[in-house]
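Accompanying notes for the structure given below.
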Amino acid sequence: MNAIDELVGAEHARAAAATGDTGAAVRRPHGARTADLVEREGLASRRVGLDVGRRFRDAGYARLDRVWGVELAAALAVDALDAADEARPPESGPRTPVTTERANLSRVPVATTPLLDALHQALAPMARTLTGRLVVPSFAVYGYFAGDDECILHYDTDASDITLLVMALGQVAPLHIHPELRGLSVDELGRLECDPSWDRQSGVPIEYSRSGLTAICGRVLPHHRPKGTLDGLSAVAALHYQAAFRPASGAADEVAR
């Protein structure tokens, strides 16, 4: 058990002691505690190096480790666990045209919370440094996986000039980024996704961090995750930002060039 899991366990133990119920659920932080958790990390004033920003803009993805400490990481795990009962499949979003069997995999249940919103707002300056553009928060959700962690090949929505991904709860396998598929239409992605001969281990695997960020330009770079088995519930926090001003037609993917 790592330090984050120990803190989550301690939160459950404190809830049980306070209520006298050993099965009591831990309640996610609200109000002043939510703001305090994020504020103590100083995330709003933290920047990444210019070299990291250049690497992100060249490749379209980057991983940043140790952005915050174990207390906030543990709070995110408790928060995601507590919000799981509220998770529902999104009513809209990117849809790769695939067979009915594969389409079920694109309906990942999602939920959002005040803590996730506070983190989303606090990381906006970091997202701007990475992209070199004025991006603003668009939406942030926990995406939940149980049983397996497969994710079909897709682009993110147009409201995702940069997405910051965090392993909030449990553990899923690395996300596979596909620079070699950049520029394909969603119909072409759908044909690949449905092709049993397509190598599902292809692409560049990027691991998630529980105290850091995996940044991708998901509306430009296709990505997927091969099927893996999960022992319990896992949740990935996805913080999406979009450009306040879009470039002219023909330069829409400049952020990841």
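The values are calculated or read from the model by the stated rules, or taken from the named source; none is laboratory data. Because the structure is predicted, anything quoted here is derived from the model rather than measured. Positions of Cβ are generated from backbone atoms using ideal geometry, with glycine treated the same way; all protein chains shown enter the neighbour counts.
Does residue 188 satisfy the condition of being farther than 27 Å from residue 116 by Cβ, among the charged types (D, E, K, R), free of Cβ contacts under 8 Å to residues at least 40 places away in the same chain and not in a loop (DSSP other than H, G, I, E, B)?
Numbers: farther than 27 Å from residue 116 by Cβ: yes; among the charged types (D, E, K, R): yes; free of Cβ contacts under 8 Å to residues at least 40 places away in the same chain: yes; not in a loop (DSSP other than H, G, I, E, B): yes.
Against the criterion (farther than 27 Å from residue 116 by Cβ, among the charged types (D, E, K, R), free of Cβ contacts under 8 Å to residues at least 40 places away in the same chain and not in a loop (DSSP other than H, G, I, E, B)), residue 188 qualifies.
Between 163, 131, 112, which is hydroxyl-bearing (Ser, Thr, Tyr) and over 14 Å from the mean Cα position of the chain (by Cα)? So that I can check it myself, show each step before the final result.
Values: 163 fails: over 14 Å from the mean Cα position of the chain (by Cα); 112 fails: over 14 Å from the mean Cα position of the chain (by Cα).
It is 131.
Please go through the stretch 138-164 and pick out each residue that is part of a loop (DSSP other than H, G, I, E, B) and under 20 Å from residue 64 (Cβ atoms). First the steps, then the outcome.
So in the stretch 138-164, the residues part of a loop (DSSP other than H, G, I, E, B) come out as 149-150, 155-161.
Matches in the stretch 138-164: 156, 160, 161.
Residues of the stretch 206-249 being charged (D, E, K, R), assigned to a loop (DSSP other than H, G, I, E, B) and touching a residue at least 24 places away in the same chain (Cβ under 8 Å), which ones?
Keep residues of the stretch 206-249 that are charged (D, E, K, R), which gives 207, 210, 219, 225, 227, 231, 246.
Restricting the remaining residues to those that are assigned to a loop (DSSP other than H, G, I, E, B) gives 207, 210, 219, 227, 246.
Scanning the stretch 206-249 gives 207, 210, 219, 227.
How many residues does the stretch 169-182 hold that are out of contact with any strand residue (DSSP E or B) (no Cβ under 7 Å at 6 or more places or on another chain) and under 11 Å from residue 155 (Cβ atoms)?
The number of residues fulfilling the criteria is 2.
So residue 178 ticks every box in (1) within 30 Å of residue 50 (Cα to Cα); (2) within 14 Å of the chain's Cα centre (by Cα) but one. Which box is left unticked?
(2)
For the stretch 122-137, how many residues meet the condition of being assigned to a strand (DSSP E or B) and touching a helix residue (DSSP H, G or I) at 6+ places or on another chain (Cβ under 6 Å)?
2
For the stretch 56-69, name all the residues that are in a helix (DSSP H, G or I) and either modelled with pLDDT under 90 or crowded, with 18+ Cβ neighbours inside 10 Å (or both).
Step one: filter the stretch 56-69 for residues in a helix (DSSP H, G or I), giving 56-59.
Result: 56, 57.
Can you pull out every residue in the stretch 34-81 that is under 23 Å from residue 218 (Cα atoms), of a type in the set (D, E, K, R) and free of Cβ contacts under 8 Å to residues at least 60 places away in the same chain?
51, 54, 55
Give me the pairs, please: first residue somewhere in the stretch 118-142 and closer than 22 Å to residue 37 by Cβ, second residue anywhere and among the aromatic types (Phe, Trp, Tyr), beta-carbon distance under 7 Å, and either six or more positions apart or on two chains.
Filtered contacts from the stretch 118-142: 124/241; 127/241; 137/241.
For residue 199, which of the numbered conditions (1) surrounded by fewer than 22 Cβ atoms within 10 Å (Cβ to Cβ); (2) in contact with a Phe, Trp or Tyr (Cβ under 8 Å, 6 or more places away or on another chain); (3) of a type outside the set (Phe, Trp, Tyr); (4) outside any strand (DSSP E or B) fails to hold?
(2)
Based on what the data block shows, is residue 166 surrounded by 19 or more Cβ atoms within 10 Å (Cβ to Cβ), touching a Lys or Arg at 6+ places or on another chain (Cβ under 9 Å) and under 18 Å from residue 84 (Cβ atoms)? Break it down into steps so the answer makes sense when it comes.
Details: surrounded by 19 or more Cβ atoms within 10 Å (Cβ to Cβ): yes; touching a Lys or Arg at 6+ places or on another chain (Cβ under 9 Å): yes; under 18 Å from residue 84 (Cβ atoms): yes.
So residue 166 fits the description; yes.
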